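Before any comments, here is the structure.
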Amino acid sequence: MFPNMSTRVRFAPSPTGQVHIGNIRAAIFNWLFARHEGGRFLLRIEDTDRERSTPEALEAVMAAMNWLGLEPDEPPLFQSTRTDAHIAAAEQLLSNGLAFKEDKGGTGKGDCVIFRMPAGTDSEFDDIIKGRLTKKAEDMKDFVIVRSDGSPVFHLANVVDDIFMGITHVIRGDDHVENTFRHIALYKALGADVPRYAHLPMIVNAQGKPYSKRDGDAYVGDFRQKGYYADALFNYLSLLGWSPGDDREQLTRQELTDAFTLERVRSSASQMDLKKLTFLNGRYLADMSAADFETAASAYAGSPDWLQAGKAARFSEVCRLLQSRTKTLADVREWTYFFDRMPAYEQKAVDKLLRKEGVGVMLSAFVQKLGVVGFDHDSIESALRAAEAEAGLKEGKLNQPVRVSITGITTGAGICETMLLLGKDSVIARLTHAATNLCG
RNA sequence: GCGCCCAUCGUCUAUCGGUCAGGACAUCAGGUUUUCAUCCUGGUAAGCGGGGUUCGACUCCCCGUGGGCGCGCCA
């Protein structure tokens, strides 16, 4: 297969807020298509809405793309720098008689430029995803391409820039389907080749409704913040509206690239499933090398109070112990008991496992035995079994009371491994504290 | 209101006229793990309704229903 260097696609966000999950999915599909075709993936910042475009929003776009590994193949084009070209195109249409000036009135701002939709000509195009789409001439109206204040409107700028950038395939959300008939008319009026179109189905919220500003988890930043790993989110999103055609679901970027075709994209909306994303995320995390996992966990954790200088070695050990049971990097926040002097005791766990007749006495007995043996896995386990036997308990019955005493919670790695990592002094201090202050 | 689009387990999906309608997440039941998670085994669970076309429809056509998008001097 020869790389088709002439294939050029673009992601064209407007920097007016956070990066929506549906938008980034469009970016991913564009990226995948470009890579699969051996073409180029470009970025155009549609920052012509001066009122709403902000530097923060631009930063959010760049951060999201960088995080997901969606670097464009050429420097981004800022649409705001292209105004002269947009106006020149409008002038051309004006002189060709394909557009006209008019004071639509009411605004009192003067003339705007209006594009004349070809009369009596029905419009149609073959969408790679949706198939043949048609629109009757009578259903299409003329539209403004330059505002009365002289600024170009989206349709004009979008088409003129796509022509300028040599875009061959426009892959975008299907909320743009209706615009396409207008855009095609503009291409033809401007004497340019019409690109191929592929309209992606929408992503809807857990209620099956379009995302609204009130929905959580609608933005890329939310997922990053919640501890999702970029590759896992990328993988999950690529499976929303598309599948490789076989039963694979966990695919590397290379596998996704190899398998991706627009023809396999479905045309109905799909719903986010956080449970499945979380499952996939856990798989990615578990499959990472210990070093990579530590890097990711550390990057996510940042420098919280509980993880100050000098704790790096311990952090590595904790990573190794808990990697396999980490679902999202946010789980790292629950590791504090390895670093603080005392754990934060969960009330429910204390009530259930410590506030029972005789538990304090048993824990004290266990402390006694721990004090006189070496502190290795086997010794700890023997001491635990001995304490249980003395109290007339079945093997393992003291595990959970001990766990709550030293970690404050009921879940975690193996109890002996946990004690080993915590260290003898710390374990004894916590058990003693629990036996005297928390048991009933 | 008008125009366009969409419709398979709860969810993501496979199927491109002939399958016991497959897989995954979730869920339920077992097993492993002396906690939890993982992992293993098994179960429940789907073609929106009505007409056609055809020897045969989830698949093709029409109508209906439901949902979405569009109808800006926003993008």
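The values are calculated or read from the model by the stated rules, or taken from the named source; none is laboratory data. Not measured: the values here are computed from a predicted model. In this analysis, Cβ positions are derived from the backbone assuming ideal geometry, glycine residues included, and neighbour counts consider all displayed protein chains. These area figures cover heavy atoms from the full protein model, side chains too; ligands, DNA and RNA do not enter into them. Shrake-Rupley method; radii C 1.70, N 1.55, O 1.52, S 1.80 Å.
Among the candidates A:L285, A:L321, A:L277, the residue that is open to solvent by 20 Å² or more (accessible area, probe 1.4 Å) and under 30 Å from A:T418 (Cα atoms) is uniquely A:L321. Quick one: which helices (runs of 4 or more DSSP H) sit completely within the stretch A:1-108 and have at least 2 residues that are at pLDDT 95 or above, open to solvent by less than 50 Å² (accessible area, probe 1.4 Å) and among the basic types (K, R)? Of the helices (runs of 4 or more DSSP H) lying wholly inside the stretch A:1-108, none has at least 2 residues that are at pLDDT 95 or above, open to solvent by less than 50 Å² (accessible area, probe 1.4 Å) and among the basic types (K, R).
Within the stretch A:129-148, residues that are within 26 Å of A:A90 (Cα to Cα) and open to solvent by 30 Å² or more (accessible area, probe 1.4 Å) sit with their Cβ atoms under 9 Å from residues that are assigned to a helix (DSSP H, G or I) and near RNA strand B (Cβ under 6 Å from one of its atoms), at 6+ positions apart or across chains, in these pairs: A:K135/A:E178.
Checking A:S298, A:S303 one by one, the residue that is within 23 Å of A:D231 (Cα to Cα) and either surrounded by 13 or more Cβ atoms within 10 Å (Cβ to Cβ) or hydroxyl-bearing (S, T, Y) (or both) is A:S298 and no other. If you go through the stretch A:265-274 and keep only what is surrounded by fewer than 18 Cβ atoms within 10 Å (Cβ to Cβ) and either over 14 Å from the mean Cα position of the chain (by Cα) or closer than 12 Å to A:Q323 by Cα (or both), you end up with A:R266, A:S267, A:S268, A:A269, A:S270, A:Q271. Taking the criterion of being part of a helix (DSSP H, G or I), under 21 Å from A:T295 (Cα atoms) and not hydrophobic (A, V, I, L, M, F, W, C), the residues of the stretch A:225-244 that qualify are A:Q225, A:D231, A:N235.
Anything in the stretch A:215-244 that is within 25 Å of A:V332 (Cα to Cα), within 12 Å of RNA strand B (Cβ to nearest atom) and not polar (S, T, N, Q)? List them, or say none. Correct list: A:Y236, A:L237. In summary, A:A218 fulfils each of the numbered conditions (1) in contact with a His (Cβ under 7 Å, 6 or more places away or on another chain); (2) open to solvent by 60 Å² or more (accessible area, probe 1.4 Å) with the single exception of condition (2).
Taken over the stretch A:175-188, the criterion of being surrounded by fewer than 21 Cβ atoms within 10 Å (Cβ to Cβ), within 11 Å of RNA strand B (Cβ to nearest atom) and charged (D, E, K, R) is satisfied by A:D175, A:E178.
Looking across the stretch A:245-264, the residues that are more than 19 Å from the chain's Cα centre (by Cα), part of a loop (DSSP other than H, G, I, E, B) and near RNA strand B (Cβ under 8 Å from one of its atoms) come down to A:G245, A:D246, A:D247. The single condition from (1) in contact with a strand residue (DSSP E or B) (Cβ under 9 Å, 6 or more places away or on another chain); (2) within 12 Å of RNA strand B (Cβ to nearest atom) that A:I167 fails is (2). Pull up the stretch A:342-364, narrow it to residues that are closer than 20 Å to A:L422 by Cβ, open to solvent by 30 Å² or more (accessible area, probe 1.4 Å) and in contact (Cβ under 8 Å) with a residue 60 or more places away in the chain, then point me to the one that is farthest from the chain's Cα centre (by Cα). Looking at the filtered set, the residue picked out is A:S364.
Counting the residues of the stretch A:112-125 that are within 19 Å of A:A198 (Cα to Cα) and in contact (Cβ under 8 Å) with a residue 24 or more places away in the chain gives 2.
If only one of A:V204, A:V194, A:V170 is at pLDDT below 95 and surrounded by 15 or more Cβ atoms within 10 Å (Cβ to Cβ), which one is it? Criteria check complete, one pass: A:V204. Restricting to the stretch A:398-440, name every residue that is of a type in the set (A, V, I, L, M), within 38 Å of the chain's Cα centre (by Cα) and open to solvent by 40 Å² or more (accessible area, probe 1.4 Å). Matches in the stretch A:398-440: A:L420 only. Residue count for the stretch A:365-397 satisfying the condition of being open to solvent by less than 50 Å² (accessible area, probe 1.4 Å) and touching a residue at least 40 places away in the same chain (Cβ under 8 Å): 5.
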